[in-house]
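K.L.:
Structure provided below as structure tokens; questions to follow.
The values are calculated or read from the model by the stated rules, or taken from the named source; none is laboratory data. None of the values given here were measured: they were computed from a predicted structure. Backbone-built Cβ (ideal geometry, glycine too); neighbour counts: all protein chains shown. With ligands, DNA and RNA removed, areas are computed over all heavy atoms of the protein, side chains included. Shrake-Rupley method; radii C 1.70, N 1.55, O 1.52, S 1.80 Å.
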Amino acid sequence: MMEGYHNYISRKKNVYAVSKSFKKYLKRYGREIQLPISYDSLRYFQGAMPCYNKNGEDTLWETVFYHQSLTREIHQSLIRIYSFIKAAGANQAEDHLHVERIDFCVFGNSQPFRVKVVNNYNDVYSYLYIKKADASRILGLELEHLLSPYYINYLVDNDTLIEEHIAGVPGDMFINEFLHRPDFNPIRIAKEFVKFNERCFARLLGDMRSYNFVFDITQDFDDVQFCIRAIDFDQQSYEGRKNFYLPQFFKENRVFVQLVQQHLNAEVIEQYRQEERAQLFKRIKSQRHRLGDLKASVDTDELAPPEKIKQLSQELAAYFGNDKFLQCHSMAEVLRIQLRELVVTHLYKS
């Protein structure tokens, strides 16, 4: 892995509407459903106050409040949405659930609402997120579901996107509070970062800075295991720079790159990259029909500005020595060739 930190976001990402063909795909595979409240409805809050963490630090989220006459209706609608995403719409539990808090984040592309739903019997809580639907973000969620080791739960209704919370330790918090624990094997952390880096590049998921992914930590019978999961999919197949899709090139991830350089040699790095490509190949084979439907549904959709498509096509063509990239007119076409080049073809060249 190369060390070099040159990634930055030049401007705020455009939001792209979900096309009719993409909506048809989402409906076919159970992702589209009529919801009782929309993202835009939640924007009409009356007041807000800063939301602090347990250490008294500003989280950059704001807890919002609604007019008293609307609060009950909004909370009931959000609990209904919770039932849709957690229990396939079964409503038996709704009587003993309540919404404790609704937070809003003005930063980032999706400007999400975060809803905390609490069980009255035991105070166990869950989070869900309500965002403005964006075609490239939804494509990222769907690709994560199909090509990563993890199940992704989300629903769409016109301009509203509902996402289930992805649990884990945020990467920046992991660096500060967990990385140097004596019972955590740094070689396993380095191995997982190599695989995560390969997985992001293969499916063109960008902007994987440390605060955009989480560590899922599992105590195995003889050691602690680590998995890295993306939690932000705004930059799916959007930016024009190749290195933007490689987490190793973000300065926020420098410590993980250093772990790789310290603990893994070139042969072992290539072994882990090939293992990840093999797993991706298996997922592509098992999901080939659904992936075919997905490609057909977004093939001509606008997911990024034309200049970014051109730049990425040129950079990938030069990187792989494959001029087929230069014939691409959409990000969906770039992604198709990228998966074939890196996962299918390169796997058997290795």
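K.L.:
Show the residue pairs that are 6+ apart or on different chains and have beta-carbon atoms under 7 Å apart, the first residue being within the range 55-69 and under 13 Å from Asp103 (Cβ atoms) and open to solvent by 50 Å² or more (accessible area, probe 1.4 Å), the second being of a type in the set (Ser, Thr, Tyr) and assigned to a strand (DSSP E or B).
P.N.:
That search, which allows pairs on different chains as well, returns Asp58/Tyr52.
K.L.:
Go through the range 172-212 and report how many residues are acidic (Asp, Glu) and closer than 15 Å to Cys227 by Cβ.
P.N.:
Residues that pass the stated criteria total 2.
K.L.:
Among (1) in contact (Cβ under 8 Å) with a residue 12 or more places away in the chain; (2) in contact with a strand residue (DSSP E or B) (Cβ under 9 Å, 6 or more places away or on another chain); (3) in a loop (DSSP other than H, G, I, E, B), there is one condition Gly30 misses while meeting the rest; what is its number?
P.N.:
Among (1) in contact (Cβ under 8 Å) with a residue 12 or more places away in the chain; (2) in contact with a strand residue (DSSP E or B) (Cβ under 9 Å, 6 or more places away or on another chain); (3) in a loop (DSSP other than H, G, I, E, B), the lone unmet condition for Gly30 is (1).
K.L.:
A follow-up question, please. Considering only residues of the range 89-125 that are without any contact (Cβ under 8 Å) to a residue 60 or more places away in the chain and of a type in the set (Ser, Thr, Tyr), which is nearest to Ser136 (Cα to Cα)?
P.N.:
Within the range 89-125, the match that is nearest to Ser136 (Cα to Cα) is Tyr125.
K.L.:
Could I ask something else about it? Name the single residue, out of those in the range 4-29 being modelled with pLDDT of 95 or more and either of a type in the set (D, E, K, R) or on the phi > 0 side of the Ramachandran plot (or both), that is surrounded by the fewest Cβ atoms within 10 Å (Cβ to Cβ). Talk me through it step by step, then tell me what you get.
P.N.:
We begin by selecting, within the range 4-29, every residue modelled with pLDDT of 95 or more; these are 18-29.
Among the residues that remain, those that are also either of a type in the set (D, E, K, R) or on the phi > 0 side of the Ramachandran plot (or both) are: 20, 23-24, 27-28.
Values: Lys20: 10, Lys23: 20, Lys24: 14, Lys27: 12, Arg28: 12.
Top of the filtered list is Lys20.
K.L.:
Oh, and also: Answer yes or no: is there a residue in the range 193-216 that is open to solvent by 10 Å² or more (accessible area, probe 1.4 Å), under 25 Å from Ala278 (Cα atoms) and assigned to a strand (DSSP E or B).
P.N.:
Within the range 193-216, one or more residues are open to solvent by 10 Å² or more (accessible area, probe 1.4 Å), under 25 Å from Ala278 (Cα atoms) and assigned to a strand (DSSP E or B).
K.L.:
Something else about it: Is it true that Asp232 is of a type in the set (D, E, K, R) and either part of a strand (DSSP E or B) or surrounded by fewer than 18 Cβ atoms within 10 Å (Cβ to Cβ) (or both)?
P.N.:
In short, no.
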